[in-house]
Amino acid sequence: TIEIVFSSWLVLSGIYAKSADLSGQTVTSNAYVVSIENCSHITVRRMLLAYDNRYQNSGLMLGYQSSTLLWEENEGYYTHRSGFIFAGTNNSIMRRNYVNSRGYQDIIPGGYPSINTTRGDQDLLVYPGNDNILENNISEGSETAFVAQSVGTSTADRNQFLGNIAISAIAGFATAVS
């Protein structure tokens, strides 16, 4: 797991990272393969990420409560829940990324129950966040490829989804309020 907290002006490039199925952990950011929290101006490019923790509500890469992130030309494989997530992140860009859940199934019984137990749930999402751009990304084999979701009083406004491709998804794009 790669975790970056309270940092600015960093570049992660060309790293291969993966997680594992670890039971008994509390839900924390280290459930993700890459977690970027409370940061600004972080660039993540040409990363190869795989295997989220199926005992957690996790994903491959999380940008949490951050701004001006740039994630480009990354690849993500084997995710049962989420691929790349901007959560409470604003004014950021995801572009030219590829995510494929590869039919990574939930662990039954005992694992975190996802929406679709036979594949990844969402690949590229804003949950919530404002003024983000998701462009020219490819999602393959998930329940929902691209998501913009507001949560409580936190909004998902003015996000732009441009030129993205959904392959073999149940739904290509979804918006939601929870």
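The values are calculated or read from the model by the stated rules, or taken from the named source; none is laboratory data. Note that the coordinates shown come from a computational prediction; the quantities given were computed from them, not determined experimentally. Positions of Cβ are backbone-derived with ideal geometry, glycine not excepted, and every protein chain shown enters the neighbour counts. Remember, those area values only see protein heavy atoms, side chains included, never the ligands or the DNA or RNA. Shrake-Rupley method; radii C 1.70, N 1.55, O 1.52, S 1.80 Å.
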Q: Mind putting a number on the dipole of region 1-108 about its Cα centre? Charges go on the C-beta only, +1 for Lys and Arg and -1 for Asp and Glu, and I need it in Debye to the nearest 20.
A: 200 debye
Q. Each residue of region 40-49 in turn: what ³J(HN,Hα) in whole Hz from Karplus with 6.51, -1.76, 1.60 and θ = phi - 60°, glycine and Pro shown as x?
A. 9, 6, 10, 9, 10, 9, 6, 8, 10, 10
Q. What list of ³J(HN,Hα) couplings, whole Hz, do you get for region 59-76 from phi and the Karplus terms 6.51, -1.76, 1.60, once you set θ to phi - 60° and write x for glycine and proline?
A. x, 7, 9, 10, x, 10, 6, 10, 8, 6, 8, 10, 10, 9, 6, 9, 10, x
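Grab the other residues whose beta carbon is less than 10 angstrom from that of SER101, score K and R as +1, D and E as -1, and report the net.
That sum, taken over residues with Cβ under 10 Å, equals -2.
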**Q.** Listed candidates [x] 44, 41, 30; [y] 56, 33, 31; [z] 40, 33, 30 - label of the one calculated as Cα extents along the principal axes in Å
**A.** [z]
**Q.** Apportionment of accessible area to carbon and sulfur, the chain, percent (1.4 Å)
**A.** 51 percent
Q: Name the residue farthest towards the positive end of the dipole of region 53-178 from the options PHE84, THR144, ASN116, assuming +1 on Cβ of Lys and Arg, -1 on Cβ of Asp and Glu, about the Cα centre.
A: ASN116
Q) Going through region 1-98, which chymotrypsin sites (Phe, Trp or Tyr not before Pro) have at most 12 other Cβ atoms within 10 Å and a DSSP loop state? A) PHE6
(Q) Multiplying the sequence separation of GLU75 and ASN136 by 0.36 nm and subtracting their Cα-Cα distance, what value in nm do you get? (A) 20.7 nm
